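Trainee: Would you mind keeping the following structure in view while I ask a few things?
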Amino acid sequence: MAMTRIRDVIKNFLRCESGTQMIEFAIVFPSLILLFAGTVELGRLFYTYTTLAKGTRAAARYLSTATNVSTSTDAAKRIVLCGNPNVCGDANNPLILSNLNANNIVVTPPPATGQVRYVTVSITGYNYQFLAFNLNAMTGGNHNIALSPSTTMRYMR
């Protein structure tokens, strides 16, 4: 009698489906978190690169019509940093990306002579900083992604 009772309890336990959703959720949840965090990080990476590329385009456009490129270089760097050729870094014109500085921006002026001349604005040495998957902090290594957009435009003067 006790043996059949134990069998009945075991059969009832195996047929019972309460709690299976929690077990399935516990198995799938870490994968969902990784997928979500990866999507957020990829979106941030795309936003950062697009912001840098737009900055180089705006600065190159500004320099392509400048009367004197060598005196307009600092203004072009301020355009990349803040979007304003005159003032950068104050409360009204904050930096677009906090870890970008003027040393990362390289302006190549057009040659003094020639029929077709070009001006180039590029960003070098800029490393994307991860938030969700900070592999540098987790592993102690150097897992940075270097972003280096560049824009070349014809000098119009």
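The values are calculated or read from the model by the stated rules, or taken from the named source; none is laboratory data. Keep in mind that this is a model prediction, so the values were computed, not measured. For neighbour counting, all protein chains shown are included, and Cβ atoms are generated from backbone atoms with ideal geometry for every residue, glycine included.
Trainee: Exactly one of (1) over 20 Å from the mean Cα position of the chain (by Cα); (2) of a type in the set (S, T, N, Q); (3) part of a loop (DSSP other than H, G, I, E, B) is unmet by residue 72. Its number?
Mentor: For residue 72, the exception is condition (3).
Trainee: Which one of these is farther than 30 Å from residue 33 by Cβ and of a type in the set (S, T, N, Q): 129, 115?
Mentor: 115
Trainee: Going residue by residue through segment 129-144, is there one that turns out to be loosely packed, with under 14 Cβ neighbours inside 10 Å, in contact with a strand residue (DSSP E or B) (Cβ under 8 Å, 6 or more places away or on another chain) and under 19 Å from residue 43 (Cβ atoms)?
Mentor: Checked segment 129-144: at least one residue is loosely packed, with under 14 Cβ neighbours inside 10 Å, in contact with a strand residue (DSSP E or B) (Cβ under 8 Å, 6 or more places away or on another chain) and under 19 Å from residue 43 (Cβ atoms).
Trainee: Residues 85, 30, 94: which one is at pLDDT 90 or above, touching a Lys or Arg at 6+ places or on another chain (Cβ under 7 Å) and either assigned to a loop (DSSP other than H, G, I, E, B) or not small (Gly, Ala, Ser) (or both)?
Mentor: Result: 85 is the single residue among 85, 30, 94 that is at pLDDT 90 or above, touching a Lys or Arg at 6+ places or on another chain (Cβ under 7 Å) and either assigned to a loop (DSSP other than H, G, I, E, B) or not small (Gly, Ala, Ser) (or both).
Trainee: Could you check, for segment 25-32, whether at least one of its residues is under 20 Å from residue 134 (Cα atoms) and of a type in the set (A, V, I, L, M)?
Mentor: Scanning segment 25-32 turns up at least one residue that is under 20 Å from residue 134 (Cα atoms) and of a type in the set (A, V, I, L, M).
Trainee: Name the pairs: first residue in segment 101-112 and free of Cβ contacts under 8 Å to residues at least 12 places away in the same chain, second residue among the charged types (D, E, K, R) and surrounded by 16 or more Cβ atoms within 10 Å (Cβ to Cβ), Cβ to Cβ under 6 Å, at least 6 apart or on different chains?
Mentor: Once the first residue is free of Cβ contacts under 8 Å to residues at least 12 places away in the same chain and sits in segment 101-112, its partners that are among the charged types (D, E, K, R) and surrounded by 16 or more Cβ atoms within 10 Å (Cβ to Cβ) give 111/117.
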